[in-house]
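So the structure is just underneath, and the comments pick up after that.
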Amino acid sequence: MREIQQKIDTMILHLGGYWRPLSGLARLLEEVGEVGGAMRRGSAEELKEELLDVLVISTCLANQYAISLQQQEADVREVTKEQLYFQIVEEAGEVARILNAYEGDKKLKPNRQGESLQLHIEQLQRAVISLGEQCNYELFDSLYALIDEKSTRDFGRFDHTPDPITEASVRSYVTYQSGRYWGGIDPKPFERFDRYMEREKHVERFLKIARIEGLDGFVIKLGRDGLIVPENVEKDLNLPSDFKVTIEVYNTQGYVVIRPKL
């Protein structure tokens, strides 16, 4: 599954970048509805295409939260195609509930906070793969072909939207440290740290979800004439008590990294 996630990431960057998470969620729900429409019409080719779209968009959402998905196997239990579709709908609804809490106005209920986005995306994909298996589709073979096709055409099809998974800061940092990280925008020359934090809108999102989703850190790239970091940056950031700040240097490249405390 790691290879598929990397290929989809390359494809999305080729097309212009990731959608905002709630826009991606809207596309996911749209495709789930189209799966139902294809089933109602009895269109085998259309159903296969829509199942592939659900796999791609759900993987995009996983990528945006630095989730390493486990490849799912088809359900061997005796279930009908309709039951599998109901499961797809149910799991898509769970993904929507979580993303509304992460990115919208909904609050996560205390008894549901252990249910990560990863759990429900994987269960959604398992139901998709199981439905494809019942229809005798080779979904993974078709998925690779679809990715290859999209990766060689439609360059820049989507408008670029800044995303903490595609910033240069995180892309360079993970060449030194493995893990699940988000990254900040590039600082302006000699920019004060407080001014930078006014422009960087994703730190607040990170602090909200890092512990639930298991994110390892938020990375801000330091440049030779870049960010002016105060001596007591952790205090100036006014972070929650269960987060800390580290300054890390690799091959002369420096980073400010906000991490959950262990």
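The values are calculated or read from the model by the stated rules, or taken from the named source; none is laboratory data. A quick note: this is a predicted structure, and the numbers were derived from the prediction, not measured. As a convention, Cβ positions derive from the backbone with ideal geometry for all residues, glycine included, and neighbour counts pool all protein chains shown. These area figures cover heavy atoms from the full protein model, side chains too; ligands, DNA and RNA do not enter into them. Shrake-Rupley method; radii C 1.70, N 1.55, O 1.52, S 1.80 Å.
Worth pointing out:
- Accessible area, probe 1.4 Å, largest first, for residues Asp242, Asp105: Asp105, Asp242
- On a per residue basis, the chain carries 52 Å² of accessible surface, using protein heavy atoms and a 1.4 Å probe.
- For Leu222, the residues whose modelled amide H falls within less than 5 Å of its own, excluding neighbours fewer than 5 places apart on the same chain, are Gly254, Tyr255, Val256.
- Mean projected area (nm²) of the alpha-carbon convex hull when the chain is viewed from all directions: 15.5
- A simple spin-label model places the labels of Lys81 and Glu234 5.8 nm from each other, with each point 7 Å out along Cα-to-Cβ.
- If you take all other residues with their beta carbon under 9 Å from the beta carbon of Tyr255, and give Lys and Arg +1 and Asp and Glu -1, the sum is 0.
- Annotation: amide H of Arg192 within the under-5 Å range of Ile228, sequence separation 5 or more or interchain, hydrogens built in the peptide plane.
- Along segment 182-196 the Karplus relation, 6.51 cos²θ - 1.76 cosθ + 1.60 evaluated at θ = phi - 60°, assigns HN-Hα couplings of 10, x, x, 5, 5, x, 7, x, 6, 7, 5, 4, 5, 5, 4 Hz to successive residues, with x for each Gly and Pro.
- For segment 215-224, backbone phi angles converted through the Karplus equation (6.51, -1.76, 1.60; θ = phi - 60°) give residue-by-residue couplings of 5, 8, x, 10, 10, 10, 7, 9, x, 4 Hz, Gly and Pro being listed as x.
- Calculated [θ] (222 nm, deg cm²/dmol) that DSSP helices of n ≥ 4 give over the chain, each run adding -39,500 (n - 2.57): -17000 deg cm²/dmol
- Between segment 123-199 and segment 207-262, the alpha-carbon center distance in angstrom: 22
- Portion, in percent, of the accessible area of the chain that falls on carbon or sulfur, probe 1.4 Å: 47
- When DSSP beta bridges are restricted to pairs lying wholly in segment 112-262, around 75% turn out antiparallel.
- Helix 44-64 vs. the chain, principal-axis angle (Cα, 0 to 90°, nearest 10): 20
- For the chain, the number of Lys pairs separated by eight or more positions or lying on different chains, with C-alpha atoms closer than 17 Å, is 15.
- Amide proton proximity set for Lys244, modelled H, under 5 Å, gap of 5+: Arg259, Lys261
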